[in-house]
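Participant: Take a look at the following structure, please.
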Amino acid sequence: MSDSSTLSGLNRWIERLLAAILLGGQVMVHVLAGKIHRRNTVEQMALAGPASLLIALITAAFVGMVFTIQVAREFITLGAGSAVGGVLALALCRELAPVLTAVVLAGRVGSAFAAELGTMQVTEQIDALYVLKTDPIDYLVIPRVIACCLMLPVLTVLSLLTGLLGGLLIATNLYGISQSVFLDSVQNFLGLWDLFSAPIKGFFFGALIAVIGSSWGLTTTGGAKGVGQSTTTAVVTSLLAIFISNFFLSWLMFQGTGSAVLPGG
């Protein structure tokens with residue numbers, strides 16, 4: 001009985017994942033056709049951006065501080081204390097800022113998308129849109145996708161700056177690394193591509209979060225219980241998609257040999 005239930009749940013998850021991929025394709029086609037509800041888009045941008053800003057910045061600040069604590073002691077022991085700022089900047093730009101900001105947005109915004117659209121689905125409000133000759137993709141999904149794609153890169157950049165500030169406070173106050181040494185290290189380590197990689201990742205992660213959250217909401221069945229299950233599964237699936245896609249994006253952006261530290265690397 002348990003094995004049958006697990007297999008049934010897996011099949012249902014695969015079906016919904018395929019539906020999410022199909023929805024992503026439909027969104028691209030509709031956006032290229034210019035079918036965008038501006039008012040809904042602005043409302044969703046406020047939800048995905050300013051309303052999520054504080055928790056994203058708090059997360060980034062403490063991540064930057066913790067990372068500095070872990071790195072500074074070891075680097076100072078090895079006589080490389082001047083490299084602490086640069087290592088933190090690379091870690092934040094390439095991985096920590098985009099991934100952790102996306103995780104925050106998946107938990108806060110992706111879950112809201114799934115819950116809201118799931119409730120609309122089980123209460124037949126989606127069917128009412130069809131009766132009114134309104135496409136739910138245009139009216140509900142595309143504004144959420146655009147909002148996440150635009151706001152997550154902005155949040156990522158702000159999180160990057162906040163994480164660096166947190167690391168700077170720890171490095172100067174706890175480990176005696178001067179502010180000028182820390183900032184010079186950041187400038188020497190970071191390249192232009194490193195700075196661009198963070199918002200690029202944020203854009204892709206935003207699309208994943210919005211499409212998965214919306215798709216899981218639109219395929220909800222089973223009343224209130226189904227809404228709760230869709231919300232939970234949407235967040236888990238979004239996190240998996242973020243981590244898996246991050247591997248491929250990192251491989252495409254930073255594969256091969258070379259060094260961010262050495263000149264010409």
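Please treat every number below as a calculation from the coordinates, not as lab data. Source: prediction; values computed, not measured. Backbone-built Cβ (ideal geometry, glycine too); neighbour counts: all protein chains shown.
Participant: Distance in nm between label sites at F203 and I244, each 7 Å beyond Cα in the beta-carbon direction?
Facilitator: Going from the F203 label point to the I244 one covers 2.3 nm.
Participant: If you stretched the chain out fully between Y130 and W13, how much longer would it get, using 0.36 nm times the residue separation minus the C-alpha to C-alpha distance? Spell out each step's value before the answer.
Facilitator: Working: separation 117, 0.36 × 117 = 42.12 nm, distance 2.56 nm.
Extending this stretch completely gives an extra 39.6 nm.
Participant: Please report, in debye to the nearest 20, how large the charge dipole of the chain is about its Cα centre when each Lys and Arg carries +1 at its beta carbon and each Asp and Glu carries -1 there.
Facilitator: Numbers: 12 positive and 12 negative charges, 37 e Å.
It works out to roughly 180 debye.
Participant: Apply the Karplus curve 6.51 cos²θ - 1.76 cosθ + 1.60, θ = phi - 60°, to the phi angles in region 211-223 and return the couplings in whole Hz, x for Gly and Pro.
Facilitator: 5, 5, x, 5, 5, 5, x, 6, 9, 6, 9, x, x
Participant: Sticking with this structure for a sec: Whole-Hz Karplus ³J(HN,Hα) for region 163-172, in order, using 6.51 cos²θ - 1.76 cosθ + 1.60 and θ = phi - 60°, x for Gly and Pro?
Facilitator: Karplus-based 3J(HN,Hα) across region 163-172 equals x, 5, 5, x, x, 4, 4, 5, 5, 7 Hz.
Participant: Would you calculate, for the chain, the mean residue ellipticity at 222 nm contributed by helices, counting each DSSP H stretch of 4 or more residues as -39,500 (n - 2.57) and dividing by all residues, to the nearest 500?
Facilitator: Details: 11 runs with 209 residues, N = 265.
Estimated from H runs of four or more residues: -27000 deg cm²/dmol.
Participant: Identify which of K225, K201, K35 has the largest mean-square fluctuation in a Gaussian network model of the chain, with springs joining Cα atoms closer than 10 Å.
Facilitator: Ranking K225, K201, K35 by mean-square fluctuation puts K225 first.
Participant: What list of ³J(HN,Hα) couplings, whole Hz, do you get for region 152-158 from phi and the Karplus terms 6.51, -1.76, 1.60, once you set θ to phi - 60° and write x for glycine and proline?
Facilitator: After applying 6.51 cos²θ - 1.76 cosθ + 1.60, I find 5, x, 5, 4, 5, 5, 5 Hz.
Participant: Answer with one residue from A106, Y130, S178: the one whose Cα lies farthest towards the positive end of the charge dipole of region 56-180, charges on Cβ with Lys, Arg +1 and Asp, Glu -1.
Facilitator: The residue sitting most towards the positive pole is S178.
Participant: Quick one: check the C-alpha center-to-center distance for region 84-137 versus region 5-29, whole angstrom.
Facilitator: 16 Å
Participant: Another one. Would you kindly calculate the mean projected area, averaged across all directions, of the convex hull enclosing the Cα atoms of region 1-66, in square nanometres?
Facilitator: Details: hull surface 33.3 nm².
Value for region 1-66: 8.3 nm².
Participant: Now a separate question. To the nearest 10 degrees, how steeply does helix 2-32 sit against the main Cα axis of the chain, on a 0 to 90 scale?
Facilitator: So the inclination is approximately 80 degrees.
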